1. Does the stretch 230-240 contain any residue that is in a helix (DSSP H, G or I) and surrounded by 23 or more Cβ atoms within 10 Å (Cβ to Cβ)?
2. Just to be sure I understand the filter: pairs with C-beta atoms under 7 Å, separated by 6 or more residues or on different chains, first member in the stretch 224-238 and more than 14 Å from residue 177 (Cα to Cα), second member within 12 Å of the ligand (Cβ to nearest atom) and in a helix (DSSP H, G or I). Which pairs pass?
3. Out of 127, 172, I need the residue that is in contact with a strand residue (DSSP E or B) (Cβ under 7 Å, 6 or more places away or on another chain) and either crowded, with 21+ Cβ neighbours inside 10 Å or more than 14 Å from residue 92 (Cβ to Cβ) (or both). Which one?
4. Just give me the residues in the stretch 1-20 being within 26 Å of residue 205 (Cβ to Cβ) and either in contact with a Pro (Cβ under 6 Å, 6 or more places away or on another chain) or open to solvent by 40 Å² or more (accessible area, probe 1.4 Å) (or both), in sequence order.
5. Of the residues 46, 95, only one is within 14 Å of the ligand (Cβ to nearest atom) and out of contact with any Lys or Arg (no Cβ under 6 Å at 6 or more places or on another chain); which?
6. Are any residues in the stretch 126-172 more than 16 Å from the ligand (Cβ to nearest atom), farther than 22 Å from residue 116 by Cα and of a type in the set (Gly, Ala, Ser), and if so, which ones?
7. Would you please name the residue that is farthest from the ligand (Cβ to nearest atom), looking only at residues in the stretch 183-192 that are more than 21 Å from residue 89 (Cβ to Cβ) and free of Cβ contacts under 8 Å to residues at least 40 places away in the same chain?
8. Just need a number here: residues in the stretch 1-55 that are small (Gly, Ala, Ser) and farther than 23 Å from residue 164 by Cβ.
Amino acid sequence: MRIPLIAGNWKMNTTVEEATSLVKQMLDDLEKIGDVEKVVCPPFISLVPVQNLLKGTDVLLGAQNVFYEEKGAFTGEISPIMLSGICQYVIIGHSERRQYFKENGEMISKKVSAALRHNLHPILCIGENLTDYESGNTREVVTDQLLSSLSGVNRVDSITIAYEPVWAIGTGKAANGKEANETIKLIRSLIEDKYGKSVASNMRILYGGSVTSSNISEFVSQVEIDGALVGGASLKAREFVEIVKQTAEIKRDLLQ
Ligand code: PGA
């Protein structure tokens, strides 16, 4: 059985003060919701202050990126050694990093391996852009991104995948739930072909892209979709809590 997961990707938003205030606004309510793993991913400089607030709660912490080297002359980078012990999750290969920072499959697979070596759970992001989507190339692009991002990676079982169509990110134009479910089914079947049935059936695969409290039900009511990676809506305490709450209720009903 896969425990649903809702992760908030705050991206490059919030000062340290705003980050701690946002966590304080949602923490009590999040703690009351069971049967869902709850993760917040603030910017690097807020990880430690937020970690302090989360101590003793069941809300987990994630970083938004990591470098693949452990230490050395890599000005401006943060290594997995620095993150381990502070957070449990790390988002890797987000489309914004692929687009603006030119991250490719090779770099991303190195990051995934490095994170796993230091006991961080990667949330690996993949997804097609609008041109690929409109020309019917979603399957090819997603397959290629998945396989290249996992090339040489061991312990694939500790990875969560976030399927995020690039055209749905930050646009207010979320994907269609059924369609997202089909692509996630494809991702699971690729995982099964390569790593076996048990890895595939235990792997959590999330949807991401313009998720809000008004459309989360469309996604988490799909059997293949195990939760969501939420951007904009995770910056509003009530919205995020509502997304987590609906996910818990819908997944509980699905199991009965
Ligand atoms: P969005 O972002 O919810 O603001 O579309 C999702 C993401 O980029 O992870």
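1. Scanning the stretch 230-240 turns up at least one residue that is in a helix (DSSP H, G or I) and surrounded by 23 or more Cβ atoms within 10 Å (Cβ to Cβ).
2. Once the first residue is more than 14 Å from residue 177 (Cα to Cα) and sits in the stretch 224-238, its partners that are within 12 Å of the ligand (Cβ to nearest atom) and in a helix (DSSP H, G or I) give 230/240; 230/243; 233/239; 233/240; 233/243; 234/240.
3. Every option except 127 fails the conditions.
4. 1, 2, 3, 10, 11, 12, 13
5. After applying the criteria, what remains is 95.
6. 135, 136
7. Of everything passing the filter in the stretch 183-192, 192 is farthest from the ligand (Cβ to nearest atom).
8. The total comes to 2.
The values are calculated or read from the model by the stated rules, or taken from the named source; none is laboratory data. Computed from a predicted structure; not experimentally measured. All Cβ positions, even for glycine, are placed from backbone atoms using ideal geometry, and neighbour counts span all protein chains on display. Side chains included, ligands, DNA and RNA excluded: accessible areas come from the protein's heavy atoms. Shrake-Rupley method; radii C 1.70, N 1.55, O 1.52, S 1.80 Å.
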